[in-house]
Amino acid sequence: MTGLPVSTPASTPAGAPAIRISEEVAQAVADGRPVVALESTIFTHGLPRPRNLTVALEAEERLRGAGVVPATIGVHAGVPTVGLSTEQITELAAADGLDKVSLRDLPVVAALGRHGGTTVAATAFLAHRAGVRVFSTGGLGGVHFGASESFDESADLTTLAATPVTVISAGVKSILDIRATLERFETLNIPVIGYRTTKYPGFYVTDSGHEINFAVQSPEEAAGIIDARDRLDLPQAVLIANPVDPAKQLPPEELDGILARAWAEAERRGITGNASTPFLLDHIQRDTDGRSLEVNVEVYRGNVRLGGEIATALAARAGGSAASTGA
């Protein structure tokens with residue numbers, strides 16, 4: 001395993017831990033047991049209260065019920081933490097004015113001692129440093145519409161190009177330029193693998209209208225690709241695109257109109273940059289009378305479940321390999 005030794009947190013010159021890894025997560029990684037990383041922005045920025053806390057704790061409970069150790073990741077009092085406690089999750093879920101922490105922001109919030117919810121980029125980085133190989137999220141960041149002029153691309157892209165974790169998502173967020181994002185994944189050598197489909201999901205909908213080249217039919221097949229990536233010593237993430245259940249998606253025929261209204265309102269108000277995503281998602285929730293929120297939760301549940309299954313398959317492969325070599 002590469003990255004930070006899980007039993008010994010890195011330290012600043014002052015002696016405070018730069019990254020805190022919970023004893024439970026550290027021991028599970030050391031033992032080769034399945035672990036799944038979970039980001040914190042879903043409950044610090046993505047879902048309304050009190051649903052945010054319910055969803056966060058439910059995800060952990062479901063993983064534990066499947067024999068998988070959850071590693072919820074966030075920044076608590078300036079310390080990037082892999083394996084937040086229930087008390088810390090509860091505190092962050094109830095706090096106002098939390099920072100949304102991408103990779104570039106980690107040293108800033110750490111030095112200032114602030115709380116923060118970690119994005120896909122920061123969560124992937126911290127998971128890898130802790131030796132956690134699988135990370136479940138909702139939707140990825142990507143290329144925004146108009147990026148040819150604004151250069152507005154998520155830091156998720158470049159971080160995942162240099163961070164060898166496995167990320168289970170329901171595609172990129174529907175408000176993004178999906179075609180351009182898939183092109184960027186290709187340019188950055190990031191493999192995108194459909195789970196039982198070659199139709200790339202569109203977060204709220206099962207099919208975004210874009211095709212991808214490869215699919216796996218089981219967690220075991222996904223684990224095989226991840227192991228092959230690691231044997232080749234490649235630096236990039238493997239993306240597993242897991243579509244929401246078609247019976248629970250937003251009606252696809254409605255989505256274009258919903259998105260058009262959201263973008264028009266953002267333009268009218270002059271909302272751009274980092275403020276765009278939360279505004280647009282909130283507008284979609286209101287436009288759909290809360291139906292998009294229910295889809296969001298279903299997306300997350302499905303990705304957490306699949307992440308647990310893939311982590312379990314990876315642990316089984318590692319155990320079988322160790323047994324065959326007499327380790």
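Cut-off 15 Å, label point 7 angstrom out along Cα-to-Cβ of Glu91: give me the residues of region 117-145 whose amide nitrogen falls inside.
Only 117 pass the distance filter.
I'd like to check one number: the per residue accessible area of the chain, probe 1.4 Å, reported in Å² as a whole number. Present the calculation step by step, with values, prior to reporting the outcome.
Working: 14460 Å² over 327 residues.
Accessible surface, normalised per residue, equals 44 Å².
Along the charge dipole of region 188-327, pointing to its positive end and built from +1/-1 on Cβ of Lys, Arg, Asp and Glu, which listed residue (Ser218, Ser292, Thr206) has its Cα farthest out?
Most positive-ward Cα: Ser218.
Which of rounded, prolate or oblate describes region 134-281 when judged by the alpha-carbon gyration tensor and an a/c cut-off of 1.5?
It is oblate, given that a/c is not under 1.5 and a/b is not larger than b/c.
In nanometres, what is the gap between the two model label sites at Arg62 and His210, each 7 Å from Cα along Cα-to-Cβ?
That separation, rounded to one decimal, is 2.5 nm.
Using a 1.4 Å probe on the protein chains only, how many percent of the accessible area of the chain belongs to carbon and sulfur?
53
Just going by the charge dipole of the chain, with Lys and Arg at +1 and Asp and Glu at -1 on Cβ, which of Pro50, Ala315, Ser154 is farthest out on the positive end?
About the Cα centre, the residue reaching furthest to the positive side is Ala315.
Is the shape of region 103-219 best called rounded, prolate or oblate, per the rule: a/c under 1.5 gives rounded, else a/b larger than b/c gives prolate, else oblate, with a ≥ b ≥ c the square roots of the Cα gyration tensor eigenvalues?
It is oblate, given that a/c is not under 1.5 and a/b is not larger than b/c.
Just to be sure I understand the model, the point goes 7 Å from the Cα along the line to the Cβ. What's the resulting Trp263 to Thr158 distance in nm?
Placing both labels 7 Å along Cα→Cβ, they lie 2.5 nm apart.
How would region 272-317 be classified by its alpha-carbon gyration tensor: rounded, prolate or oblate, with rounded meaning a/c under 1.5 and the a/b versus b/c comparison settling the rest? Intermediate results must be reported in sequence, preceding the final value.
Values: a/c = 8.38, a/b = 2.22, b/c = 3.78.
It is oblate, given that a/c is not under 1.5 and a/b is not larger than b/c.
What full-extension length gain, to one decimal in nm, is calculated for Asp282 and Arg196 as 0.36 nm per residue of separation minus the Cα-Cα distance?
Details: separation 86, 0.36 × 86 = 30.96 nm, distance 3.04 nm.
Roughly 27.9 nm would be gained on extension.
Return the label of the correct value of volume of the Cα convex hull per residue in Å³, as calculated from the structure shown, out of [x] 148; [y] 133; [z] 122.
The value matching this structure is [y].
The values are calculated or read from the model by the stated rules, or taken from the named source; none is laboratory data. Computed from a prediction, not measured in an experiment: that's the story for all the values here. Glycine also receives a Cβ, built like all others from the backbone with ideal geometry; neighbour counts cover every protein chain displayed. With ligands, DNA and RNA removed, areas are computed over all heavy atoms of the protein, side chains included. Shrake-Rupley method; radii C 1.70, N 1.55, O 1.52, S 1.80 Å.
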